[in-house]
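> Mind having a look at this structure? Questions to follow.
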2 protein chains.
Amino acid sequence: MSIVVSIPDVDKTNWWIEQLQALLPGWTIRPIHDPGDVEKVTYAVVWKPATGAFLPFPNLKAIVSLGAGIDHVLADAELPRQMPIIRTVGTDLTQRMREYVALHVLRHHRDIPAIAANQREKRWQQLVVPPATQRRVGVMGLGNLGGAAARTLAALGFETLGWARTKREIEGVITYAGDSEFSEFVSRCEILVCLLPLTVATTGILNAALFERLPKSASIINAGRGQHLVEADLLAALESGQLSHATLDVFDVEPLPAEHAFWPHPGVTITPHTASLIDAPTGSRIVAANIERFEREGSVPDLADAARGY
Amino acid sequence: MSIVVSIPDVDKTNWWIEQLQALLPGWTIRPIHDPGDVEKVTYAVVWKPATGAFLPFPNLKAIVSLGAGIDHVLADAELPRQMPIIRTVGTDLTQRMREYVALHVLRHHRDIPAIAANQREKRWQQLVVPPATQRRVGVMGLGNLGGAAARTLAALGFETLGWARTKREIEGVITYAGDSEFSEFVSRCEILVCLLPLTVATTGILNAALFERLPKSASIINAGRGQHLVEADLLAALESGQLSHATLDVFDVEPLPAEHAFWPHPGVTITPHTASLIDAPTGSRIVAANIERFEREGSVPDLADAARGY
């Protein structure tokens, strides 16, 4: 029995193979470009696999996505139909996303970009902002990550709103559901956090129409996928002052090209897709446990729904 | 009956007088340099009053400090002995300090200074940091503000330690007390937050000996008072790499002079004494309620202990 690993970065591929091998000593674990006997490969552990990457393996039982999202797997037009896709989630990843959202919402709330600019100018200026209890923050997407983020924001004192495709109940959070309540939700968010899964319906959801609907000078934080955002619309909304700031962890093209307008933009804070980074030592424990359970039971709780897209 | 207001900034003095007058219509409220009939003045509302500021008022009943600390009042060598001093605290100020500590601890934890430097260089680099559950953060001072900050950090997932002069029990926080446990506490803090009151015993507590005791590459956040920190020792510890970063809200001289070495230092983040800024609309409600209660009952729960210093 063997496992292949497919990650664009070679160093990371080797790091994951090493960590997984220590946890799964009975398995042969190899990079996807050097798989050994293709008949023996039953699992593929992947991040952004190439189109047709799975075709060489006739006995594949499941694909393991190195992340909560599966859009990067579904992007493969030659993906074997009905192939189970296992998401990688867990308390550690949820913890990291809670931290990211708390940090960057607080950063927008307390206007740290302006305070940093003042420091560069050696300017002592006491900007007055309201307490979090008078600041409305909205979270789009209330799954594992979004739900935890919304609860964390509410615990920090923010007036917290949440929106998802279907109705969710979260203590301390005012929730909205579906297309019919979307516009009302958006119109109330001074800081808007996107943690949606990437599907056909959510592609380009952060666009000019949404920005116009936000309160004047609102800000956004995108830790979903780059394809949620219409980049040109964001630049226009920052230019007009409709939006005051954007913090982006994900981009249409990653790594973000050096010539991209976002890098030097004073209204854009860039983090390099590290909101909830899966490192090999932590993530490999989750992946190994999921493979062992899938072997034993033929399924796992973190199985994605490919038809739904997440 | 009248109230005088003493704040170094003239605009702020007028803002406070306006807000307090609306809440206390039966009182005459004037700036301290133009007090009217000095015999009628029974309360002084102050931030950093001048030496001897209270001598003209023979019938003063109490001084109201516009902040949780009273060190700026006790600094007056001619302060009338036994004069009651009322601290200004409240859920709003505690909320603001929770936000500040959560924001800046998360900012150190996730290495935002390095991420910001990378953005300036257009460098896409995924820095790996542990989750908060594997990060030890310590809070010095466990009063109203420090206790709330420690609870907030624990709720965010940090391994949270706390130290105070006397033993405090806080759920989810490992607490230390007194001189005998100080060294052990400090030696465990990867990120150290100072929220101590300023007293003779705590002046200069953030010094070379403490920095040496911290784990290598630790960072500090000072939202207590500027006099807690020995500035030259901090610069030396940043230079040697013993400390990786410092976020400072308070300074020995405020506003921080334009020529100060902290302004351009890449290892120092400056906020202009706004961690828990009291704005007049919110703060005046607390001040007015305290004055009315002191009139009625001759005391208030937020009375400071001048002998203890806080």
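Only the coordinates and a few stated rules stand behind these numbers; no lab work does. Keep in mind that what you see is a predicted model, and the values were worked out from it rather than measured. Note that each Cβ is placed from the backbone with ideal geometry, even for glycine, and that neighbours are counted across all protein chains shown.
> Within 10 Å, at most 11 other Cβ atoms, and a DSSP state outside H, G, I, E, B define an exposed site. Report the longest part of chain A free of exposed GluC sites (Glu not before Pro).
Longest run free of exposed loop sites: A:172-258.
> For chain B, set up a GNM with springs between Cα atoms under 10 Å and report which of B:L60, B:L161, B:L229 has the largest fluctuation.
Judging by the Gaussian network model, the answer is B:L60.
> Between B:A50 and B:R296, how many nm apart are label points set 7 Å from Cα along the C-beta direction?
Reported label-point gap for B:A50 and B:R296 is 3.6 nm.
> Compute the orientation-averaged projected area for segment A:92-270 from the convex hull of its Cα atoms and round it to one decimal in nm².
So the mean shadow area of the Cα hull is 10.5 nm².
> A follow-up question, please. So, in nm, how far is label B:E184 from label A:R120 when the simple model puts each one 7 Å beyond its Cα toward the Cβ?
4.7 nm
> Gaussian network model of chain A, Cα springs within a sub-10 Å range: biggest mean-square fluctuation belongs to which of A:T133, A:T247, A:T42?
A:T133
> Do the sum for the protein assembly as shown: with -39,500 (n - 2.57) for every DSSP H run of n ≥ 4, divided by all residues, what is the mean residue ellipticity at 222 nm, to the nearest 500 deg cm²/dmol?
-10000 deg cm²/dmol
> Continuing with this model, one more query. Under 19 Å from a label point 7 Å along Cα→Cβ of B:E254: give me every residue in segment A:97-134 with its amide N that close.
Within reach of a label on B:E254: A:110-112, A:115-116, A:118-120, A:122-131.
> To continue, here is another question. Points 7 angstrom from Cα along the Cβ direction at B:H72 and B:A22: gap in nanometres?
2.2 nm
> Okay, next question. Nearest 10 degrees, 0 to 90: what angle lies between the long axis of helix A:10-23 and the longest principal axis of chain A (Cα atoms)?
With both axes taken from Cα atoms, the answer is about 60 degrees.
> Could you compute the net charge surrounding A:G204? Neighbours are other residues with a C-beta less than 12 Å from the C-beta of A:G204; K and R count +1, D and E count -1.
Local charge sum for A:G204: -2.
> Another question, if that's okay. Based solely on C-alpha atoms, express the radius of gyration and the Dmax of chain A in angstrom.
Final numbers for Rg and Dmax: 20.8, 67 Å.
> Using only alpha carbons, build the gyration tensor for the protein assembly as shown and give me the equivalent ellipsoid semi-axes, biggest first, whole Å.
In descending order, the three semi-axes are 52, 27, 21 Å.
> A follow-up question, please. How many lysine pairs does the protein assembly as shown hold where the Cα atoms are under 17 Å apart and the two sit 8 or more places apart or on different chains?
Here the count comes out as 4.
> Another question, then. If one computes the Cα centroid of segment B:114-149 and of segment A:249-289, what distance in Å separates the two points?
17 Å
> If you fit an axis through the alpha-carbon atoms of helix A:231-240 and take the longest principal axis of the Cα set of chain A, what angle between them do you get, 0 to 90°, nearest 10?
Rounded to the nearest ten degrees, it is 10.
> Percent antiparallel among DSSP beta bridges with both residues in the protein assembly as shown, to the nearest 5?
Close to 0 percent.
> On to the next question. For chain A, take the longest principal axis of its alpha carbons; what is the angle in degrees between that and the long axis of helix A:178-187, to the nearest 10 within 0 to 90?
40 degrees
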